[in-house]
Structure formats: structure tokens, C-alpha cells
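The block underneath contains the structure these notes are about, expressed in C-alpha cells.
The values are calculated or read from the model by the stated rules, or taken from the named source; none is laboratory data. What you are looking at is a predicted structure, and each value in this text was computed from that prediction instead of being measured. Cβ placement follows ideal geometry from the backbone for every residue including glycine, while neighbour counts extend to all protein chains displayed.
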Amino acid sequence: MGDKIDYFSDELIKDIALPERFTFPFFYEPHPLSKLAAADLQQYLETHTGLDHNFGLTDDTDGSAIGKMFGVLVVQDPTGRLGYLSAFSGKLANSNDHGKFVPPVFDMLSENSFFLKGLEFITAINTRIDELQADEKYQQLKLDIEQAAITATAEITHLKQQLKANKDNRKQLRTQLKERLNEAEYAVAEADIINQSLADKRQLKYLTDNWLARQAELKNQLDQFESILEPLKNERKERSADLQQQIFEQYSFLNKDGQTKSLQAIFSETPFGKPPAGSGECAMPKLLQFAFANNYTPIAMAEFWWGTSPKSEIRKHKQFYPACTGKCKPILAHMLEGIAIDDNPLLHIKEDSHPLEIVFEDDSFVVVNKPSGLRSVPGVNIEDSVYSRLKHGLLDTEPLIIHRLDMDTSGLLVVAKTQAAHKHIQRQFLQRTVSKRYTALISKVLDQPGGMIDLPLGPDLLNRPRQLVCFETGKKSVTKWEVVKRFPDMTKVNFWPLTGRTHQLRMHSAHESGLNAPIVGDDLYGTASERMYLHAAEIEFIHPATREKMRFAVEEGF
């Protein structure tokens, strides 16, 4: 099993120092050794034709194009030699068996595995369910029931309207008869009118009862099918749950001390309660499992995307990405236990490098020019923020945050000083009457002078705080943009967000259906730099007390 390692040549790495601690998997700049390993693996992927997987990089490959996340783990073997291990997330060409790459933690596809046998049972049940549901009589019954409900409603509604007209006519008739007839004659006429009313009620009851009986008969016939389908569906559900539980227990993860922990045990301690689909199939758990099983010491890691971008996420060919948080973070917490790891760079704030400029202040609100790198509000591990600084500076006044900017975004932020001002300005944000302009550097030269981007956004629940483009559940997100200036390899643009979704400008810039180029320095959707070049340059709203139109502008520092 140890032959999966690719050793570095001594000449290649002679001037590269080993890292003092292992890579922090969720935010990192790849170590030089990781970059060498990734470059070598990418060379392999470019030249090796036996993977039988369509990454979408050429037009002559059969099958749907699917990019993949690959991982490299730099390791030291028991003799002290350095090399790297390779892995892919999920499967390649519906297979786990690819010579260069480490095996999965558990191979569900191995011959005669309990998974394949269990899947065979479930597939047979699915086939029987599909046959029953495709039966012509079953399909016709469903259509008949649907049509009967529509027709019954229409006929009963029509009759009720007719009966109401009859009732109105009888009321008019009573008034006329009272004027023409004596008491005895009116009593005879009234009895006849009452009989007409009773006849109408009988007619309505007859029609309603007939339709109820007809619908009940159709439902009874459908129930005969459902009485066969329901046990099959329950059996499928139970077998699927049992099979999933068996799979969870088979995924058992090592750490450096040889301690094992099952997938179920790991996720039982998280808010999920149970493992999300695909847990344990990502590259990094596979790599660490193989390293610990073969007595290799992990030195550094990196993961990169290979292939065409997915439709929902921001993934660029050959670009490095952190490990996912939803599926990998709980697993890696166990696997990396006892290993010295780099600090989370996001928790390192240079206190003296972020002066907070007050642009405007009166009794209602304060407008600040937030520097890049400063949070809008305190985080779990970071107190320093616009809120905490204003709270300290305003003394007896509690700053009330109305809107936020991402930590790496600079620019104008409005903070209320009274509840009334907060409510008034916040309502303007909710009603989308606040006008905002952002300026950004985009990481390619844009051909068009401007345009509109309309891509619905929603949270990536398994990889927070990242967002996804989703046309089914995403919220409408619209951005107007315009080129300000073109540089040799970048473009300065103005953005006007017409909606206010999380990471809207960052996603609309990076996504292939948007500008298809991340904002320069966007470490989440692009490549990290000394800062993210996005600046909230202008804001306009109505003063909550004077009702004057207020406009503030601060030029970008780039």
C-alpha cells in the first residue's frame, strides 16, 4: 500500500525549509512543497489519458463534464524521505481504483461489498415501485381523481350560484305577494316557496353526495394500488437507512496516535447530528488516513480544482481552495488531533493598521470609512470591529449597526446613534431606496463597457460562508456594473447592487455567468492578496430626522 507516495528529488527541494507546523486546512497559502506536489500532479493530469473522466477541458470527450477537487499531502516516510500523496474527492469515472491515488477510507464499490448487495435489493424495490406507478390503470386513476375534483368543484359552485339566484328571486316574490294577497292566500303561496327552497337544498345535497361517492370509489380503487406501494416504499426507506448507517460505521478515521473514530461518532457531536451526504469522500480525509495507516508524517497540504467550473459554485481550473467546512471540518478535527497546526490567519489582526475615519456625525447617525481588514461587528474570536471602536469612542451612546461590509471590503458604513434613526434608515435599506456604489478591481480585462448581472444566490450550507448560485431556491440578486478603467491584466469597475445579498458582488464577479473573474484579492472566490480590492465608495439615503437627501462619497485607495 505504501507505493502511492511520489518522492521529491533531493535536488528539487534542497533549498526549501520544512514548515514548522502543518497547514491550517481552512485558510492557507500553499507551502512551496505543496506547490511542487500540486504542479507535479497537475502535470500528470494533463498528460495521463487513462482516467476515463471528462473534466470538460477538451471538446472531444464523451459524457457530462465534471470538474474535480484534487488534494496533495506532503509527507515524510519513516526513513525521513519527503514525498507526496495524491487524492481526488468523490469518485473518478464512477470508480475508486486509480493507481496513482490513495484509496478511499472505505470502498463501497469493492466486489461483493455489503453496499453493492444492499443497493441491489433497493434497486429491485425501486424497479417494482416504478412498474406499479407506471401502470396505465394507476396513472388513469390519478388523472380521474384529479379531474373529478375539478369537475365536482365547478358543478357544485355553479349550482350554488344558481340556488343563490333562486333564493334572491324568492325573496323578491315574497315582497310582491305580500302586497297583492290576503293573509290566507299568502300562507298558501309561502308554503309553495318553502317547498321550492327545500327542493333546492335537496338538489345540492344530491349533487354533493354523488360527487363524494364518485370520488370515494376512485380513491378506493387507487388505495388498492397504494396498499401495495406503501409497504414497498417503507421497506425501501428502512433498507436505505440501514445501509446508510452501515456505511457510516464502516468509515473509521485514524489520527496520528492510531485512535479511530467512526463517521457517525464524529458527526453526533455536531449540530448536524448525522453525517451529510458524501462525508469522508473528500480528498484530505483520504490522504491523512493513508498517511497514518502507513506511518507517514503529514508535513503540508493543498487542494486545487481541476476542470470546468460547476454551475453553482465558484471553482476555477488549477486554483487552490481550502477544505470544506461542513463535511471535512469535524473529521479533520479528529484526524489532526495532537498535530501542531498553523494558526487561522483570519484571527490575526494588526491592531495599528486599521484606523477608523469618521466621515460624518450628528445626533442621529455616524458615517465611517471602514478600512479593509476590520470587521463590522465583533466575531467569536475577534473583538476589534467598527462596533467596538465606536462603542468606545461614543462613550454613553450605543452604536446600532444598520448594515455591514465584509471584513476585507473597505468603505462607507452607516451606524445609527438612536433607535428612531436605526429604524428609519434600516427601513430604507429594506425598501431598497438606499443607493450604493462600489468600486472594485476585477482580475481580467473586461471587453464590455457594462451591463446587468442577474444570478440568484443562496448559502452553501456545507461550506459556510461561501454562497451558491441556485435558480431553484436562491434569492433574486441583481447588480449593475460599468467599466471605469482598463489595465493590462485588470479592470476597475463600478458596481451598483440593486439587491443586498451576502457576497453578492463577489459572487457576481467570480461566477462564470457573471463577469467570470474574481475581485482581485478575494481569498474566498479567487486568489488572496494584501487585501481585497472592493470599496464601498458612495451611499445616498434620506436623513431620519431632517428628511434631507444625504450623500457621502470616499474615493477608493487603489
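Brief remarks follow.
- Residues of the stretch 379-400 satisfying the condition of being closer than 14 Å to E361 by Cβ and assigned to a helix (DSSP H, G or I): V386, R389, L390, G393
- Filtering F253, F304 for residues that are touching a Lys or Arg at 6+ places or on another chain (Cβ under 9 Å) and either part of a helix (DSSP H, G or I) or not assigned by TED's automatic domain parsing to the domain that holds N54 (or both) leaves a single hit, F253.
- Pairs where the first residue, in the stretch 21-41, is under 26 Å from E11 (Cβ atoms) and the second is crowded, with 23+ Cβ neighbours inside 10 Å and small (G, A, S), C-beta under 6 Å, 6+ apart: T23/A300; P30/A302; H31/A300; L33/A300; S34/A300; S34/A302; A38/A302; L41/S86
- Screening F88 with (1) free of Cβ contacts under 8 Å to residues at least 60 places away in the same chain; (2) under 29 Å from the mean Cα position of the chain (by Cα) gives one miss only, at (1).
- Of the residues making up the stretch 507-549, those that are without any contact (Cβ under 8 Å) to a residue 12 or more places away in the chain and over 31 Å from the mean Cα position of the chain (by Cα) number 4.
- In the stretch 264-289, the residues that are modelled with pLDDT of 90 or more, touching a helix residue (DSSP H, G or I) at 6+ places or on another chain (Cβ under 7 Å) and outside any loop (DSSP other than H, G, I, E, B): I266, F267, M284, P285, L288
- Filter result for G500 (surrounded by 16 or more Cβ atoms within 10 Å (Cβ to Cβ) and either in contact (Cβ under 8 Å) with a residue 24 or more places away in the chain or not acidic (D, E) (or both)): no
- Annotation note: of F115, F70, F26, F121, the sole residue that is under 27 Å from F292 (Cα atoms), in a helix (DSSP H, G or I) and of a type outside the set (D, E) is F115.
- Extreme residue, surrounded by the fewest Cβ atoms within 10 Å (Cβ to Cβ), among residues of the stretch 451-462 that are assigned to a strand (DSSP E or B) and touching a residue at least 40 places away in the same chain (Cβ under 8 Å): P459
- Total residues in the stretch 312-350, condition assigned to a loop (DSSP other than H, G, I, E, B) and in contact (Cβ under 8 Å) with a residue 24 or more places away in the chain: 23
- Considering the stretch 479-493, and only residues there that are assigned to a strand (DSSP E or B) and either out of contact with any Phe, Trp or Tyr (no Cβ under 7 Å at 6 or more places or on another chain) or charged (D, E, K, R) (or both), the residue that is farthest from I442 (Cα to Cα) turns out to be K480.
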